[in-house]
1. In segment 18-31, which residue that is open to solvent by less than 70 Å² (accessible area, probe 1.4 Å) and more than 17 Å from Thr249 (Cβ to Cβ) is modelled with the lowest pLDDT?
2. Criterion first (closer than 19 Å to Lys233 by Cβ, assigned to a helix (DSSP H, G or I) and of a type outside the set (D, E, K, R)) does Leu149 satisfy it?
3. Considering only segment 128-144, I want to know if a residue exists there that is aromatic (Phe, Trp, Tyr), under 24 Å from Tyr204 (Cβ atoms) and part of a helix (DSSP H, G or I).
4. What residue, of Gly480, Gly500, is crowded, with 20+ Cβ neighbours inside 10 Å and not assigned by the TED database to the domain that holds Leu259?
5. Tell me whether segment 188-196 contains one or more residues that are in a helix (DSSP H, G or I) and within 30 Å of Val90 (Cβ to Cβ).
6. Go through (1) modelled with pLDDT of 95 or more; (2) open to solvent by less than 50 Å² (accessible area, probe 1.4 Å) for Gln186 and report which single condition fails.
7. Of (1) part of a helix (DSSP H, G or I); (2) open to solvent by 10 Å² or more (accessible area, probe 1.4 Å); (3) at pLDDT 95 or above, Asp179 satisfies all except one. Which?
8. If you scan segment 358-386, which residues turn out to be within 34 Å of the chain's Cα centre (by Cα), of a type in the set (A, V, I, L, M) and open to solvent by 20 Å² or more (accessible area, probe 1.4 Å)?
Amino acid sequence: TISFSWNLSDLLCSFLGLLYQEYRDKSTREEIETRRLQDSQTDPEETSPSEENPSEAEPTSTIENKAPPQINLLRNSNSRFNLWQDLPEVQSSGVLSILQPDEIKLQEAMFELVTSEASYYKSLNLLVSHFMENERLKKILHQSEAHILFSNVLDVMAVSERFLLDLEQRVEENIVISDVCDIVYQHTVNHFSVYITYVSNQTYQERAYKQLLQDKPAFREVISQLELDPKCKGLSFSSFLILPFQRITRLKLLVQNILKKVEEKSDRESTALDAHKELETVVKACNEGVRKMSRTEQMISIQKKLEFKIKSVPIISHSRWLLKQGELQQMNGPKTSRTLRTKKLFREIYLFLFNDLLVICRQIPGDKYQVFDSAPRGLLRVEELEDQGQSLANVFILRLLENADDREASYMLKASSQSEMKRWMISLAPNRRTKFVSFTSRLVDCPQIQCVHPYVAQQPDELSLELADVLNILDKTDDGWIFGERLHDQERGWFPSSMGEEILNPKIRAQNLKECFRVHKSDDSQRRKLGSRNRQ
């Protein structure tokens, strides 16, 4: 047992003076650079010089006759943010010569979770004290407007403060951190539901903010002045509003990082798996909350635009949402005549694809759509045509095994580009094999890509990306689009290939897959789902 203690009192809250937005950006960019370095190595399994000859001393050794070190995290506030092993108190304690390299990496992962929470709390505190409690802003905003804009942020901040205090207390117990995931688990189960409430309000929050900027010049002026305050470090008001959603997502990834470093089949692994599972539940509930709010309004809007030439189909349902919509060209006439004509052979149609239903329409005046056919999504099949010249490029066959008239129907459809054709085909028939085998097959070395530029999805079939996300490439197009599956949450979608860098080292790709399966190994139902998806 290493019997050192340290005193963090209030110092973590000012950790390096970084706001969470800055901390998060630095952390993810370091993660990207680390992967780039690993990917460039011919043998990623080679150890660094410090790891080749670890001390032979046992990690259970005791260090005695030392005064408890006092931590000062502000000492190098303008340098890169500190690692646990860089702290003078850690270096002077002698623990670095005792601990194995893997344990030091684990200490770093746990230390990052604590320090990042401190930075996050600092930013939340600024959102409340600098913006929410500003007297000029209070006079401008109606009580209902303030409630929509700031939601339950005070509850979120109180939860973060309580969480941080427990983390600080754990770190103060010993210079070598025993665990943090048990604390994460307890707080996630008992307190983190406040995040679901806050994040679910995001759609209304964004709309209210845009409306206030547009309708109230005084609000716009005060916000601009507050943003210019040096305290904000050039960061926008909206970057503070989105903090809770970013944090709960990042916290899950930080626990994943710990989980990858703990000893297999250990108590710490069990605790990390429990914490990760609970965090995943909260994150999914947050995502579902956001989607539910926006989906309901979207479905009502679509319902108003549809006029049925066939028997009417009820569009609005709590279990239905839009996957993709857009215009395609439909070929007229029999297939035998398709090579005898040019573009006049095609006429415009408009598709609304929901998670369980396809509606085929023609646009009519007044921003309306006349529905002339429909089919359950599970009864759709697609088939790509071989290249038959420019006029028939990007053409595919859509078959409805049972349409609105209870019969089989086929449509020959032309997309505007190769990527648009592939996107429609994958959306219409999601179980169809893609160019690359899904990462769920351990036997196949699936291409991977690391996100180096954040991306915000513009269409329902696209995937928003955060810096340092790692994805398996399931398909790609010649015009610069990738269909990927993110490793940490199995979310799928399209994104521009320019947003990432392909991971070329097969050993790093294999390591990423191994870590992914380890993170999700406690969820048997998840593994069954992944296996069945791969078989399809």
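The values are calculated or read from the model by the stated rules, or taken from the named source; none is laboratory data. Owing to the predicted nature of the structure, the values given are computational and were not obtained by experimental measurement. Here Cβ is always computed from backbone atoms with ideal geometry, including for glycine, and neighbour counts include all displayed protein chains. All accessible areas refer to the heavy atoms of the entire protein, side chains included, with ligands and DNA or RNA removed. Shrake-Rupley method; radii C 1.70, N 1.55, O 1.52, S 1.80 Å.
1. Ranking the candidates gives Leu18 first.
2. Judged against the criteria, Leu149 is not a match.
3. Taking segment 128-144 as the starting set, the residues that turn out to be aromatic (Phe, Trp, Tyr) are 131.
If we keep only those that are under 24 Å from Tyr204 (Cβ atoms) as well, we get 131.
Remaining after also requiring part of a helix (DSSP H, G or I): 131.
Among the residues of segment 128-144, at least one is aromatic (Phe, Trp, Tyr), under 24 Å from Tyr204 (Cβ atoms) and part of a helix (DSSP H, G or I), which makes the answer yes.
4. Details: Gly480 fails: crowded, with 20+ Cβ neighbours inside 10 Å.
Gly500 is the lone residue from the list that is crowded, with 20+ Cβ neighbours inside 10 Å and not assigned by the TED database to the domain that holds Leu259.
5. yes
6. Every condition holds for Gln186 apart from (2).
7. With respect to (1) part of a helix (DSSP H, G or I); (2) open to solvent by 10 Å² or more (accessible area, probe 1.4 Å); (3) at pLDDT 95 or above, Asp179 is out only on (1).
8. Within segment 358-386, Leu379, Val382 qualify.
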